[in-house]
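Some notes on the structure that comes next.
The values are calculated or read from the model by the stated rules, or taken from the named source; none is laboratory data. Note that the structure is a prediction, hence the values are computed from the model and not measured. Don't worry about glycine lacking a Cβ; one is built from the backbone with ideal geometry, like all the others, and counts go over all protein chains shown. Keep in mind that these areas ignore ligands, DNA and RNA; they rest on the heavy atoms of the full protein, side chains included. Shrake-Rupley method; radii C 1.70, N 1.55, O 1.52, S 1.80 Å.
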Amino acid sequence: MQAGRKREIRKKADVFREKCKISRYGIIDLFKDCERLGYKLLRYPLGENADLGFTVKKDNDIVIFTNSCSRLSREIFTLAHETGHVILHLEEGSSFIDNNITINGRSTDEKEREANYFAACLLMPADDVGRFIDLEIQSFYEKGLSAMDIARIMSEFNVSFDMALNRLESLGVIDSNQKICLDNEKIERKVSNLLRSVGGNARLNVPGNEIEIPYEYIDYTIYNYNHNAIPKETLERVLACYQLSIEDVSDKLVEHRSDDKDDLDDLIGGLDD
Ligand SMILES: [Zn+2]
């Protein structure tokens, strides 16, 4: 990526970040910020081997899906990556689908690399990371960073351990040897234990399994049901997300063919009489 393009992405990430609610250093809840900015968020536990996320622009709606089977810190990164596509690449009718390869940075596709860079700048901007290390990590200048410090950074910036290490390396805070040492320490002590020992946010390290479907999707689901595109069970499952049952929306449902047949039977039965 060229230096000029990188600066442009940093600037756009910075503008977006100004619209987010920040604690002292990190974004508090990127999901809430995206919803407030009018994006339609879909969160669903689609399965561990399924795609991680996608974004699509349709009829001026921006829809972002994230797979909530990922650990929460990963799901947040996926959301930041999709936001990058929205800000940098999305045009009417276009879409991006992301998996492990596009999101962990191994993809050579320029747009995927840009979205990952945007996500890193949005979640862990250089100056805020520097300020956090300077003000909150007391022994940094004598001893550098420990795995517990990485857990502190995780909790403040709502990122995964690996993301924190990658970002700190690319910012020049740690070198590749220190990264390997910290990674080994992580494997030995486990991220969940590290988070616990610094009083961090343990939820980051487990899947959220959230189900979040925009209210408009009820109408969309009913439309599909009325046109025989989905079975009754799917409709019931979507309604259950809103604590609704079939009876609650019965006035919007078209009678299905099997019901028509019953009516016909009644009619024929009536004629027989
Ligand atoms: Zn992508």
Worksheet item: When the chain is fully extended, how far beyond the present Cα-Cα distance does Asp248 get from Leu171, taking 0.36 nm per residue of separation?
Response: 22.3 nm
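Using just the helices of the chain, give the 222 nm mean residue ellipticity in deg cm²/dmol: DSSP H runs with n ≥ 4 each add -39,500 (n - 2.57), and the total is spread over all residues, rounded to 500. Let's see the in-between values first.
Numbers: 14 runs with 151 residues, N = 273.
The per-residue figure over the chain is -16500 deg cm²/dmol.
Where does each of 48-54, 69-75, 228-234, 143-149 land if you order them by average Cβ count within 10 Å, highest first? Intermediate values should be presented prior to the final figure.
Numbers: 48-54: 16.7, 69-75: 22.3, 228-234: 11.3, 143-149: 18.3.
The peptides rank, most packed first, as 69-75, 143-149, 48-54, 228-234.
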Fill in: Angle in degrees between helix 3-18 and the longest Cα principal axis of the chain, rounded to the nearest 10
60
Practice prompt. At q = 0.12, 0.13, 0.16, 0.17 Å⁻¹, what is the base-10 log of I(q)/I(0) for the chain according to the Debye formula with one equal point scatterer per Cα and no solvent? Please give it to two decimals.
Written response: -0.79, -0.90, -1.24, -1.36
Fill in: Angle between the chain longest axis and helix 126-136 axis [Cα atoms, degrees, rounded to 10]
70
Worksheet, complete the sentence: Links exceeding 23 Å between C-alpha atoms in this model, out of Lys143/Lys179; Lys6/Lys111; Lys12/Lys143; Lys111/Lys179; Lys21/Lys58, come to Lys12/Lys143; Lys111/Lys179; Lys21/Lys58
Discussion item. Once ligands and nucleic acids are excluded and a 1.4 Å probe is used, how much of Ile246 is accessible, expressed in Å² to the nearest 10?
Written reply: 30
Worksheet item: Separation of region 137-163 and region 169-211 by C-alpha centroid, Å?
Response: 8
Item to complete: Project the alpha carbons of region 1-126 onto their principal axes and report the range along each, largest first, in whole Å.
Response: 36, 33, 31
Worksheet item: How far is helix 161-170 tilted off the main Cα axis of the chain, in degrees rounded to 10, range 0 to 90?
Response: 50
Practice prompt. Quick one: which residues, 5+ away or cross-chain, put their amide H under 5 Å from the amide H of Ile62? H built at 1.01 Å from N.
Written response: Lys40
